[in-house]
Amino acid sequence: MLRLGESVQEFLAREGMSRRDFLKFCSVMAGALALPHKEAFAIAKALESPKRLPVVWLELQDCAGCSEAFLRSSSPTAAELVLDVLSVDYHETIMAPSGFQAEKSKEDAIAAGGYVLVVEGSISTAGVGEYCCVAGKSSRYILEEAAKNAVAVIAVGNCATFGGVPAANPNPTGAVGVWNIIKDKPVVNIPGCPMNPANLTATVVHFLTYGSLPAMDQLNRPLFAFGRRIHDNCERRGHFDAGEFVMEWGDDGHRAGWCLYKMGCKGPTSYHNCPTIRFNDGVNWPIGAGHPCIGCSEPGFWDWEVYKPVTLNAITPPTTYPSVEKPVREISPASIAISGTAVGAIAGAAGAFAYSSLTQRSKHTKPVVEEIESEESAEH
Ligand code: SF4
């Protein structure tokens, strides 16, 4: 843990993490936020400050999946770094106190003000709030009370943003998202089921660095994470363009990694950076594992028919991969085999490129780190 008055840099040095690794993390954060790479320098300066940002983390109608996702992150010391830069004054799942002591911690944090409020879970509005109460207070009352003195409000997961699973038809608890209740201050929505911890980390880093929230879309989602459709960056996009679709679970196309559109994939209508950032430190993501996207970054996803293909009104071009030409079929069987192999090789190369750019961050960020280091030495 960070000691009183200790900077993140000092803490990391004590933990055996080099300055270079710290700068790499800052560089990756600048990339995640879609900022010019030189902004990594500003991020490093902000994170070096010994001042810790207080956080109050509420759990309302939820499964704690977003807390789990965040705490299990081990990517460039995200949990260590951000949790140690943050002072999580109240989080009922991970804090040591319970009962009256826990409530006292929350009251003290709210009275002190100047904290970021992170909300996980939807808010019950049916009846008088009896469907979700903590310490005898309704979820709505708890949210309004905690938002009062917050400097920023971040809703994480589809439940806190758009109502999520509790809001699914017939929505017996009247579940809604944070932004349906809090109207007097901006609310950042980081949906997902669960949210991707890298997106929360990047949002917090943006706030720490610039004192403001990142640019958002009309659903209050940060543009750096939700600015493009999944379909635009999907590693199976070449197969979509080539008309190669999985038609049945376990068929040859499924085994070959073809497009999941006909199995109900919501990638063409869902905005999220899943394909580029992935989960579990970039290891994989649902489509990579052979399951269609279920659209968990969009409002009302739980009521969609999971395996029914979406209507395609407009197809945007892929951003990451060149499209793969549909193989010409009117040729000899031997040529088809060769053509198929070539298409597979192109798609495979694209996938390998994406994977390597994720897993070899250190290699890709090296020049940036060197640039920051030389700027720093010029400063001193
Ligand atoms: S439909 Fe789904 S699986 Fe196919 S390319 Fe688009 S996002 Fe990927």
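Read-outs: derived from the displayed coordinates by stated rules, not from any lab. As the structure is a computational prediction, the values presented were derived from the model and not from experiment. Glycine also receives a Cβ, built like all others from the backbone with ideal geometry; neighbour counts cover every protein chain displayed.
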Volume in Å³ per residue [convex hull over Cα atoms, computed for the stretch 52-226] = 109
FRET efficiency estimate (nearest 0.05) - Cβ-Cβ, residue 135 to residue 10, R0 35 angstrom = 0.40
Counting Lys and Arg as +1 and Asp and Glu as -1, what is the net charge of the other residues whose Cβ lies under 12 Å from the Cβ of residue 295?
-> 0
One finds the C-alpha centres of the stretch 86-156 and the stretch 165-195 to be spaced, in Å, by 15
Mind giving me the nanometre distance, one decimal, between the label points for residue 38 and residue 249, set 7 Å out from Cα along Cα→Cβ?
-> 5.3
Anisotropy class of the stretch 127-211 from Cα gyration tensor, a/c 1.5 cut | oblate
Distance (nanometres) between label positions extended 7 Å along Cα→Cβ at residue 283 and residue 18 | 2.6
Count charges around residue 233 for me, please; just the other residues with Cβ under 14 Å from its Cβ, Lys/Arg as +1, Asp/Glu as -1.
-> +2
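Distance check, please: which entries in 148/185; 183/266; 51/183; 104/148; 104/137; 148/183 exceed 19 angstrom between their Cα atoms?
Numbers: 148/185 9 Å; 183/266 30 Å; 51/183 29 Å; 104/148 17 Å; 104/137 14 Å; 148/183 11 Å.
Flagged as over cut-off: 183/266; 51/183.
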What is the stretch 230-326 by shape, rounded, prolate or oblate, if you read a ≥ b ≥ c off the alpha carbon gyration tensor as root eigenvalues and call it rounded for a/c under 1.5, prolate for a/b larger than b/c, and oblate otherwise?
-> rounded
